Amino acid sequence: MESSRRSFLKIAGISALGLGAKPVLDVFASTEEHTEALKPETRKGEDVLKAKRWALVIDTRKFESEEDLKPMIEACHKIHNVPKLENKRHEIKWIWTEEFKHTFPTQEHEFLDDRVKHLLFLTLCNHCEKPACVRVCPTKATFKREDGIVLMDFHRCIGCRFCMAACPYGSRSFNFRDPRPFIEERNPKFPTRMKGVVEKCNFCVERLAVGELPACVEASNGALTCGDLDDPKSEVRELLRSNFTIRRKPALGTGPSVFYIV
Amino acid sequence: MPNNKKMYDKGKVVAGLIIFGVLITFPLWYNHLKVAPAPEPKLVGKAAKAGQECIEPKSFMKAEHMLVLDIWRDTVVRSAKRVYVNESGKEFEMSLTNTCLDCHTEKAEFCDKCHNYALVLPYCWDCHIDPKEKM
């Protein structure tokens, strides 16, 4: 009697488990069915501008004063909804200006010629060949694309700011505050950012995708040239061949893709 | 051990138990009297025009639009592809604001109504812009 009751309970228990598991199995079966239903075909747009390794050449001889640099900064910051925060510690910048001694600190000496001493230089993310920011990012939010552009996936950024510590050029800004109230005129086509994420220049990937040059290049009146560093016939290679150019902090080995004709 | 089966303050204890039982089950019977009806997402704006179709069949979108958006953002940002081709060969730019909201122009009446009912609070709009919304 005692033993048959035990076995009855065992069988009852196992059956109950089996019944309970069915809805769970159903859920798994149905999710599989759904994901199978979506066989997305995705591709690049027809007008996309391609390169093996994007690079930018800045001809600083064509600039005389800060006024000459403003249109490029404004064009960039406007289309990307970059907020204007007056507090230096909260400032967000994708492209900005620096003096010679801060742009090329190892080249600075007290007998610099007057032009260079007083000139401001355009600075932006260098889209390095060996980007330090990519190495330190714990979530792979910052990554290097096949075409050399160092991009941020804002959906993955957790705001740890390791990338800011790693970048030797100060190219990255952190959103200490909600940026939206500080955007003068928003561009609805491009997302803003939110409090707690890092941001920087994206080489206008959204423009390259539809066949447009980066906004700063377009606004530069020919002072900025971008193109494929891997293509010996490209315009940037032609400029690099025929002019002496320097890069920022080359000794660090990051391999910047932004070149300056001084 | 004294066999003391007498219950002290029986009346108060039982009344207290009944009140406790009523209070703790309050949400259950309250909601049974008044079940909030599921909102029927209203098609307004451009999507409401005759002959419009979503990017995938409606039943699929209803259940899986979050998966679509997840694939879209990864494909755009990480794989640098921006064009989506659906089953019937129609092409769309993969963009939350520039595509989904271009048809579903009334986000508040469409996406939000459904999400509020289901208590889903996508954080996408912290960055992605609803052109209708004042900042």
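The values are calculated or read from the model by the stated rules, or taken from the named source; none is laboratory data. Nothing here was measured: the structure is a model prediction, and the numbers come from that model. Positions of Cβ are generated from backbone atoms using ideal geometry, with glycine treated the same way; all protein chains shown enter the neighbour counts. Surface areas here come from the heavy atoms of the whole protein model, side chains and all, with no ligands, DNA or RNA. Shrake-Rupley method; radii C 1.70, N 1.55, O 1.52, S 1.80 Å.
With angles folded into 0 to 90 degrees, how steeply does helix B:58-79 sit against the dominant principal axis of chain B? Use alpha carbons for both and round to 10. Between helix and principal axis, roughly 60 degrees.
Phi-derived couplings, Karplus 6.51 cos²θ - 1.76 cosθ + 1.60 at θ = phi - 60°, listed residue by residue for the range A:230-247: 8, 9, x, 8, 6, 5, 5, 5, 4, 5, 5, 5, 9, 9, 7, 10, 10, 10 Hz, with x used for Gly and Pro. For chain A, the longest principal axis of the C-alpha atoms and the axis of helix A:66-79 are separated by about 20°. The relative contact order of the range B:45-127, computed from alpha carbon pairs under 8 Å that lie at least 6 residues apart in sequence, is 30 percent. About the centre of its Cα atoms, the range B:45-127 shows a dipole size close to 80 debye [charges on the beta carbon of Lys, Arg (+1) and Asp, Glu (-1) only; nearest 20 debye]. Annotation: amide H-H contacts under 5 Å for A:N81 (H modelled 1.01 Å from N, sequence separation of 5 or more, or interchain): A:N187. State the Cα centre-to-centre distance between the range A:235-251 and the range B:64-95 in whole Å. Their Cα centres are 38 Å away from one another.
A Förster distance of 25 Å, applied to the separation of the beta-carbon atoms of A:E184 and A:E98, puts the FRET efficiency at 0.60. When only Cα pairs under 8 Å and 6 or more residues apart are kept, what is the percent relative contact order across chain A? Once normalised by length, the contact order is 29 percent.
Summing charges over neighbours of A:G227, with a neighbour being any other residue whose Cβ is under 12 Å away from its Cβ, gives -1 when K and R count +1 and D and E count -1. Net charge around A:E199, counting only other residues with Cβ within less than 10 Å of its Cβ (Lys, Arg = +1; Asp, Glu = -1)? Charge balance near A:E199 sits at +4. Mean separation of Cα pairs under 8 Å and 6 or more residues apart, divided by the residue count, gives the range B:81-135 a relative contact order of 28 percent. Annotation for the B:A interface, with buried accessible surface near 3100 Å², both sides summed [1.4 Å probe; non-protein components not counted].
The residues neighbouring A:H118, those whose beta-carbon lies less than 11 Å from its own, together hold a net charge of -3 under the Lys/Arg +1, Asp/Glu -1 convention.
Over all distinct Cα-Cα pairs of the range B:45-127, the Kirkwood formula returns a hydrodynamic radius of 13.7 Å.
Helix A:2-37 and the long axis of chain A differ in direction by around 30°, with both axes built from C-alpha atoms.
Measuring nothing but protein heavy atoms, the accessible surface of chain A at 1.4 Å probe radius is 54 percent carbon and sulfur.
Would you calculate the convex hull of the Cα atoms in chain A and tell me its volume per residue in Å³?
Once divided by residue count, the hull of chain A is 218 Å³.
Using a probe of 1.4 angstrom and keeping all protein chains present, the accessible surface of chain A works out to 57 square angstrom per residue.
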